Amino acid sequence: MLKNLLRNAFLLIVALTMLLAGCGNTAGNTAAVDSGTNIDSQLIIKAIDVDQGDAYLIQTGAQVILIDTGDDKYRDGEHKGENNNKLFEALDREGITHINKLIVTHAHADHMGCAAKVMKKYDVDEYIYNGIPSASAHFRNALKTAKARGVDQTTVQAGDVLDFGKGVLFRVLSPSPQLVDKDTKALNTGGKVNVNNESIVGILSFGNFTMMFTGDAEKDIEKELLEKYGDGLACKVYKTPHHGSHTSSSFQFVKAVHPEWGIISCGKGNSYGHPHKEVRNLFKRYNIKYLTTAESGTITIISDGNTYSVTGEQ
């Protein structure tokens, strides 16, 4: 009888061990996690397919954040000149009615063309931008709409940290205060600036998961970030700047970020040739897996703070 009791106890311990091992499986850095709609303990990021532009929906379980909105018109391809409603179709499919933070990285239409429309269609708490003025009609309309609807306006620059809730933080790396001052003075005196380099660049972190957001920042900014942050730029996922253009993603910068995945937002058959061959070859050289919205549609990244998955809808 004692032998049977001991044997049964041993079998129970083995069964419990196997069960716990199964629950804790983290083999590989891209191990899949629950892809259901319950996000209380998950971070869900969607690179929305908005054609030739950027739009990233982030859901933390506490907040809904939208980084960039894509363009309000198709500027390229067979639908050129037509209204572009892909962002709104995607947000409606997700059941989005309330957005805590609307962040625009810089004042180009393919990143903020729908910003005013988003504030009119959805309940938006806060509009966040880099604080640099622009003569762009989209930029002025966004500020006007935010004011008219009582949306809080916040400007950010390097050193600021945004709390997305549930342990998700966004640390702003660029633009620097010096760049904000320089470009603001230049614009106020009729000078020219590189709007791409004004992009809000930052690292989103959730436990052991990290993702870099880059807007359209080009190699000059990458060089500054390398000098300032060095190895602190390392991230699991890399929102490839400027739609995969060779104006960005320098060899040194990508080496420092050392991502496992690259996400590229661009339009199918776009006239710019994005993503450029130089960037694709660089990713191949460093064994960086990547997906493009042009080929994969909306791309979903899910993390539990330890493991993460990257999947395309196509």
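The values are calculated or read from the model by the stated rules, or taken from the named source; none is laboratory data. Quick caveat: nothing in here was measured; it's all calculated off a predicted structure. Note that we place each Cβ from the backbone using ideal geometry, even for glycine, and neighbour counts take in every protein chain shown.
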Where Gly230 falls short, out of the listed (1) assigned to a loop (DSSP other than H, G, I, E, B); (2) farther than 29 Å from Arg75 by Cβ; (3) free of Cβ contacts under 8 Å to residues at least 60 places away in the same chain = (1)
Among the candidates Val201, Val195, which residue alone is closer than 17 Å to Cys235 by Cβ and either at pLDDT below 95 or buried (at least 17 other Cβ atoms within 10 Å of the Cβ) (or both)?
-> Val201
Going through segment 280-299 in order, the residues found to be touching an Asp or Glu at 6+ places or on another chain (Cβ under 8 Å), closer than 23 Å to Ile203 by Cβ, buried (at least 19 other Cβ atoms within 10 Å of the Cβ) and not hydrophobic (A, V, I, L, M, F, W, C) are Thr293, Thr298
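Condition check: of a type outside the set (Ser, Thr, Tyr), buried (at least 23 other Cβ atoms within 10 Å of the Cβ) and not in a loop (DSSP other than H, G, I, E, B). Does Leu66 satisfy that?
On the way: of a type outside the set (Ser, Thr, Tyr): yes; buried (at least 23 other Cβ atoms within 10 Å of the Cβ): yes; not in a loop (DSSP other than H, G, I, E, B): yes.
In short, yes.
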Could you please give the count of residues in segment 257-279 that are under 19 Å from the mean Cα position of the chain (by Cα), on the phi < 0 side of the Ramachandran plot and surrounded by fewer than 20 Cβ atoms within 10 Å (Cβ to Cβ)?
-> 1
What about Arg140, is it of a type in the set (D, E, K, R) and more than 20 Å from the chain's Cα centre (by Cα)?
-> yes
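Mind listing whichever residues of segment 174-195 are outside any loop (DSSP other than H, G, I, E, B), free of Cβ contacts under 8 Å to residues at least 60 places away in the same chain and either touching a Leu at 6+ places or on another chain (Cβ under 7 Å) or not polar (S, T, N, Q) (or both)? Spell out how you get there, then give the answer.
First, the residues of segment 174-195 that are outside any loop (DSSP other than H, G, I, E, B): 174, 177-188, 195.
Restricting the remaining residues to those that are free of Cβ contacts under 8 Å to residues at least 60 places away in the same chain gives 174, 177-188.
Matches in segment 174-195: Ser174, Pro177, Leu179, Val180, Asp181, Lys182, Asp183, Lys185, Ala186, Leu187.
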Do you know which residues across segment 253-310 are part of a strand (DSSP E or B), in contact with a helix residue (DSSP H, G or I) (Cβ under 6 Å, 6 or more places away or on another chain) and either more than 30 Å from Gly167 (Cβ to Cβ) or not hydrophobic (A, V, I, L, M, F, W, C) (or both)?
-> Gly262, Tyr290
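Test Ala158 against the criterion of being under 18 Å from Asp183 (Cβ atoms), of a type in the set (Gly, Ala, Ser) and either in contact with a strand residue (DSSP E or B) (Cβ under 9 Å, 6 or more places away or on another chain) or assigned to a helix (DSSP H, G or I) (or both), and give yes or no.
Working: under 18 Å from Asp183 (Cβ atoms): yes; of a type in the set (Gly, Ala, Ser): yes; either in contact with a strand residue (DSSP E or B) (Cβ under 9 Å, 6 or more places away or on another chain) or assigned to a helix (DSSP H, G or I) (or both): yes.
Yes.
Taking segment 102-137, which residues are buried (at least 22 other Cβ atoms within 10 Å of the Cβ), part of a helix (DSSP H, G or I) and touching a residue at least 40 places away in the same chain (Cβ under 8 Å)? Even if it seems obvious, please write down each step before you answer.
Of segment 102-137, the ones buried (at least 22 other Cβ atoms within 10 Å of the Cβ) are 102-108, 110-116, 118-119, 124, 127-130, 132.
Subsequent filtering for residues that are part of a helix (DSSP H, G or I) retains 110-112, 115-116, 118-119.
Within segment 102-137, Asp110, His111, Met112, Ala115, Val118 qualify.
Looking at Ala148, Ala142, Ala158, can you tell me which residue is crowded, with 20+ Cβ neighbours inside 10 Å, farther than 29 Å from Val257 by Cβ and small (Gly, Ala, Ser)? Write out each step before concluding.
Numbers: Ala148 fails: crowded, with 20+ Cβ neighbours inside 10 Å; Ala158 fails: farther than 29 Å from Val257 by Cβ.
Answer to the selection: Ala142.
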Picking from Ile288, Ile203, Ile263, Ile301, the residue that is under 25 Å from Tyr74 (Cβ atoms), in contact with a strand residue (DSSP E or B) (Cβ under 7 Å, 6 or more places away or on another chain) and in contact (Cβ under 8 Å) with a residue 24 or more places away in the chain would be Ile263
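Of the residues Lys73, Lys86, which single one is in contact with an Asp or Glu (Cβ under 8 Å, 6 or more places away or on another chain), of a type outside the set (A, V, I, L, M), touching a residue at least 40 places away in the same chain (Cβ under 8 Å) and on the phi < 0 side of the Ramachandran plot? Talk me through it step by step, then tell me what you get.
Details: Lys86 fails: touching a residue at least 40 places away in the same chain (Cβ under 8 Å).
Lys73 is the lone residue from the list that is in contact with an Asp or Glu (Cβ under 8 Å, 6 or more places away or on another chain), of a type outside the set (A, V, I, L, M), touching a residue at least 40 places away in the same chain (Cβ under 8 Å) and on the phi < 0 side of the Ramachandran plot.
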Would you check which residues across segment 73-96 are farther than 17 Å from Lys268 by Cα, in a loop (DSSP other than H, G, I, E, B) and either at pLDDT below 95 or not β-branched (Val, Ile, Thr) (or both) and list them?
-> Glu94, Gly95
Failed condition for Thr97, given (1) in contact (Cβ under 8 Å) with a residue 24 or more places away in the chain; (2) surrounded by fewer than 16 Cβ atoms within 10 Å (Cβ to Cβ); (3) closer than 18 Å to Ala294 by Cα, with all others met?
-> (3)
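Would you point out the residue of segment 204-235, among those that are of a type in the set (Phe, Trp, Tyr) and crowded, with 21+ Cβ neighbours inside 10 Å, that is farthest from Gly165 (Cα to Cα)? I'd like the intermediate steps shown before the answer.
Step one: of segment 204-235, the residues of a type in the set (Phe, Trp, Tyr) are 206, 209, 213, 229.
Retained after the next criterion (residues that are crowded, with 21+ Cβ neighbours inside 10 Å): 206, 209, 213.
Details: Phe206: 10, Phe209: 15, Phe213: 18 Å.
Checked segment 204-235; the qualifying residue farthest from Gly165 (Cα to Cα) is Phe213.
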